[in-house]
Amino acid sequence: MPGFAMGLFAMIRTLLLAAGASLAFAAPSHAVVNLVANGSFESGLASWTVGGTDTQGFPPVAIFYNSATGYPTGAYGEAVAPNNSPTNSPDGVGDRAAYFVSDRTVDQSLTQSVFLDVGTYQIGFSAYAPANGYRNVGEARFSGTVAGVTLANYTVSSGPVTSWQTFAGVANIATAGLYDVSFVFNTNRVPSKDVVIDQVYIIAGNPPVPGVPEAATWAMLIAGFGMVGFAARRKALVRA
Ligand SMILES: [Ca+2]
Ligand SMILES: [Ca+2]
């Protein structure tokens, strides 16, 4: 039995190493262009339009990372760590990110329109909930739509705190034209939760998403676990 267990671990380790090796080659090339303007918010909110109703008077702003300053340059004294979740955004994470913070807002939004030709595009963005906002009693609902495809729509309390996550997907554009990129934030209680976003992107094609095993890797893993199962059954038969 120990011998079989060791063999199984060795096989799984080999499979995981192979999966890791294939993922290491999945990085996007330097030629990839982000079709979203100022998608990393390094130019503040240039190219973005602020919408919605805010009765508290705290519109979204582009804060600075690792800055324990107050609104509008920081997250009320909490230093936000730069996005570290895997992303195919061609833009670097940079020094800034967009911050939704109002406690009384209806459909507060950051939007822009992007012209897309017919084709397949990969789309995505990264989001984060600061701890001080997360502790607030009021809920916040947030949605992210890129190239007309809604990638996320959640209450902040249902997501992680102080942990970046990247949402990615595919937009298959059948008709050339303008497509919406929009982030929408709703709150109705003082104080309520907040959201930070960064590295919004639209790129041509649909390259492997970092951190997500691609189809070939999955096939290899499934085949590998099938082999492990076969070996186990064979061992059982031999023993019987
Ligand atoms: Ca940025
Ligand atoms: Ca808030």
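Amide H neighbours of residue 65 under 5 Å, counting only residues 5+ apart in sequence or on other chains, H built in-plane at 1.01 Å?
Answer set, sorted by chain and number: 96, 97.
Between residue 37 and residue 106, what is the FRET efficiency for a Förster distance of 22 Å, r being their Cβ-Cβ separation, to the nearest 0.05?
Efficiency, rounded to the nearest 0.05: 0.25.
Convert each backbone phi in segment 156-162 into a coupling constant with the Karplus relation 6.51 cos²θ - 1.76 cosθ + 1.60 (shift: θ = phi - 60°), then list the ³J(HN,Hα) values in order as whole Hz, x for Gly and Pro.
4, 5, 7, x, x, 10, 6
Apply 1/(1 + (r/R0)^6) to the Cβ-Cβ distance of residue 190 and residue 120, taking R0 = 45 Å, and write down the FRET efficiency to the nearest 0.05.
About 0.55, to the nearest 0.05.
Magnitude of the Cβ-charge dipole of segment 28-211, K/R +1 and D/E -1, about the Cα centre, nearest 20 debye?
Its charge dipole is roughly 300 debye.
Sort 89, 182, 192 by Cβ crowding within 10 Å, fewest neighbours at the top.
Sorted ascending by nearby Cβ count, the order is 182, 192, 89.
Quick one: order 146, 195 by neighbouring beta-carbon count within 10 Å, fewest to most.
Going from sparsest to densest Cβ surroundings: 195, 146.
Given the C-alpha centroids of segment 154-205 and segment 28-60, what is the distance between them in whole angstrom?
Each part reduced to its Cα centre gives a spacing of 11 Å.
Report the FRET efficiency, 1/(1 + (r/R0)^6), for residue 46 and residue 139, where r is their Cβ-Cβ distance and R0 is 41 Å, rounded to 0.05.
Using R0 = 41 Å, I get an efficiency of 0.85.
Each value in this text was obtained by applying a stated rule to the coordinates, not by laboratory testing. Just so it is clear, the model here is predicted, and its values are computed rather than measured. All Cβ positions, glycine included, derive from the backbone under ideal geometry; neighbour counts span all protein chains shown.
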